[in-house]
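The values are calculated or read from the model by the stated rules, or taken from the named source; none is laboratory data. These numbers were taken from a predicted model, which means no experiment stands behind them. Here Cβ is always computed from backbone atoms with ideal geometry, including for glycine, and neighbour counts include all displayed protein chains. In case anyone asks, the SASA skips ligands and DNA or RNA and just uses the protein heavy atoms, side chains included. Shrake-Rupley method; radii C 1.70, N 1.55, O 1.52, S 1.80 Å.
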Amino acid sequence: MAIAKPTILFEDEAIIVCVKPSGIASQSAKSFQPDMTDILRQHIVSNSGKKGEPYIGVIHRLDQPVGGVMVYAKTPAAAAFLSKQTANHSMCKKYYAVLLGNMPDTQGTLTDFLLKDGKSNTSSVVPESTKDAKKAVLDYKILETISHDGIESTSAKTDLSLADITLHTGRHHQIRVQFANAGCPLLDDNKYNKKQTKRMATLGLFSYSLTFIHPLTKKEVSFECAPDYAPFTWFQTIY
């Protein structure tokens, strides 16, 4: 099976910053389809000519239907350095999300406590006192709202809102759960919006910006990429 050529935003001896396409797993998945670690290893082998399997350290993840900017480590030392930043939430991650409906405020902060259910691979908003619940915080700003035909079978027109999100914690399905709980689920996310018939393999979510401290230079670096697939193309004049 041919492995797709990755979109590389930056690469040196310590890290690879790339754009994960929607529909590809961030790391080894229980399927015969290549994931990003396979793709990046093949990229390194093809460009270096070295034999043996290159090291690829997974630092963070994006859900398979979600595309966006990711960083992978090329050495164990770089992986340890970057993983500390994800653990203490100092790695800044920004997303665009297409929401069904209108938020009550055009900008604000969502703070909830989430509990993951490993059996169903879902998370839910629960009271703070719930055992094993984890605090989830994000900031959002609504950039534009439009009406679009035929999104849901219940209405001819549906308001879609494009949100710019800064993630302060990295919980399981955090953005998806928090906006669904706020009454504005993500477009095409029928895991958290059973009323919507899924139309696309993608979700209305894209990680467009990633900022972190480089493991070698110890300087802050930032990388961005605009989404290039629907439903974001409906808002493309914003970028």
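Rounded to the nearest 500, the helix-only mean residue ellipticity at 222 nm of the chain stands at -4000 deg cm²/dmol, with each DSSP H run of n ≥ 4 adding -39,500 (n - 2.57). Cα-based radius of gyration for the chain, normalised by 2.2 N^0.38 Å, reads 1.04. Using only Cα atoms, find the angle between the long axis of helix 76-87 and the longest principal axis of the chain, and express it within 0 to 90 degrees, rounded to the nearest 10. Computed tilt is about 20 degrees.
The charge dipole of the range 1-142, taken about the Cα centre with unit charges on the Cβ atoms of Lys, Arg (+1) and Asp, Glu (-1), comes to about 240 debye, rounded to the nearest 20.
Using C-alpha pairs below 8 Å separated by at least 6 residues, the relative contact order for the range 75-197 is 30 percent. Ranking Ser120, Leu100, His89 by Cα position along the charge dipole of the range 1-120, where only Lys, Arg, Asp and Glu carry charges on their C-beta atoms, puts Ser120 farthest toward the positive end. For the range 212-227, putting each phi into the Karplus relation 6.51 cos²θ - 1.76 cosθ + 1.60 with θ = phi - 60° gives couplings of 7, 8, 5, x, 9, 7, 6, 10, 6, 10, 10, 9, 9, 7, 7, x Hz, in residue order, rounded to whole numbers and with x for Gly and Pro.
Looking at the chain, the DSSP beta bridges with both ends there are about 95 percent antiparallel. The phi-based Karplus calculation (6.51 cos²θ - 1.76 cosθ + 1.60; θ = phi - 60°) puts the 3J(HN,Hα) values of the range 98-107 at 9, 9, 7, x, 10, 6, x, 10, 6, 8 Hz, whole numbers, x for Gly and Pro. Here the contact order of the chain, divided by its residue count and restricted to Cα pairs under 8 Å and six or more residues apart, works out to 20 percent. Against the main long axis of the alpha-carbon atoms of the chain, helix 36-48 sits at an angle near 30°. Each other residue within a Cβ distance under 14 Å of Leu167 adds +1 if Lys or Arg and -1 if Asp or Glu, for a net charge of +4. Residues whose amide H lies under 5 Å from that of Leu62, counting only those 5 or more places away or on a different chain, are Ser26; hydrogens are built 1.01 Å from N in the peptide plane.
For Gly101, the residues whose modelled amide H falls within less than 5 Å of its own, excluding neighbours fewer than 5 places apart on the same chain, are Asp159, Leu160, Ser161. Note that the range 13-117 presents 49 Å² accessible area per residue, ligands and nucleic acids not counted, probe 1.4 Å. Share of the chain's accessible area from carbon and sulfur, percent, 1.4 Å? The value for the chain is 50 percent carbon and sulfur by accessible area.
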